[in-house]
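Readers should treat all values here as calculations from the given coordinates under stated rules, not as data from a laboratory. As the structure is a prediction and not an experimental result, all values here were calculated from the model. FYI the Cβ positions are ideal-geometry reconstructions off the backbone, even for glycines, and counts take in every protein chain you see.
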Amino acid sequence: MLRGLVVVAALSALLLVATVATGRVDNPVSQLTAIRNPFNNVSAALSEVTQRERAWHVVSRDANSICARFEPSKLVIRPALPRNRADYVRAVRIELERERAIPAELAKLQPPSNYKGSYAQFLNNRQVAVAALERLQKAVIEKSREDYVVAARELALRKSLIDRYAPAAGMPACAF
């Protein structure tokens, strides 16, 4: 008896809430559907966010795997032209070979829509860093201090941007 009374009271309260929420008393079933709708929308939105996060996890894992196949960088950017230019040019050449191989594979990955902007910026920073490396190598060969300093500054800037983004995005092996 008490159980039946509790059920009737709960249904009455639900009907009252539905009436207040929708402003109608037409059809209680339609009113229950109207109450459930916002919860369904929230659930769908959360599901979409979860799918995007999973998709990004796959992209970052694959990018990290691509970068990990290559030996980490050992190049030290000097503030001025190095004395032993031949060794430095060789070190830059090795770095260029590594960095030219990576972007093509990274560009094949398709990040989810909410990550496309930051990932595109990451790829762009890598391209600019490679161009700065090429200018750095050319400046060392030509003994141009001014060109060397400009290229070294650009490279240091892009390197710092890449080195901050890569670990935060879940791909620490992609640090420059």
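Net charge around A151, counting only other residues with Cβ within less than 10 Å of its Cβ (Lys, Arg = +1; Asp, Glu = -1)?
Working: positive: R135, K138, R153; negative: E134, E146, D147, E154.
Here the charged neighbours net out to -1.
In this model, which of K74/K143; K108/K159; K116/K138 are farther than 31 Å apart at the alpha-carbon? If you can, show how the numbers build up before the last one.
Details: K74/K143 22 Å; K108/K159 22 Å; K116/K138 33 Å.
Table pairs above 31 Å Cα-Cα are K116/K138.
Based on Cβ point charges of +1 for Lys and Arg and -1 for Asp and Glu, what charge dipole magnitude is obtained for the stretch 43-174 about its Cα centre, in debye rounded to the nearest 20? Please list the in-between numbers first.
Values: 23 positive and 15 negative charges, 67 e Å.
Taking the Cα centre of the stretch 43-174 as origin, the dipole is about 320 debye.
In Å, what is the Rg of the alpha-carbon atoms in the stretch 67-176, and how long is Dmax?
Expressed in Å, the Cα Rg and Dmax of the stretch 67-176 come to 14.4, 48.
All other residues with a Cβ under 14 Å from the Cβ of I66 taken together, and with Lys, Arg as +1 and Asp, Glu as -1, what is their net charge? Write down the numbers at each step before the final one.
Working: positive: R61, R69, R98, R100, K108, R126; negative: D62, E71, E99, E105.
Taking every other residue near I66 into account, the sum is +2.
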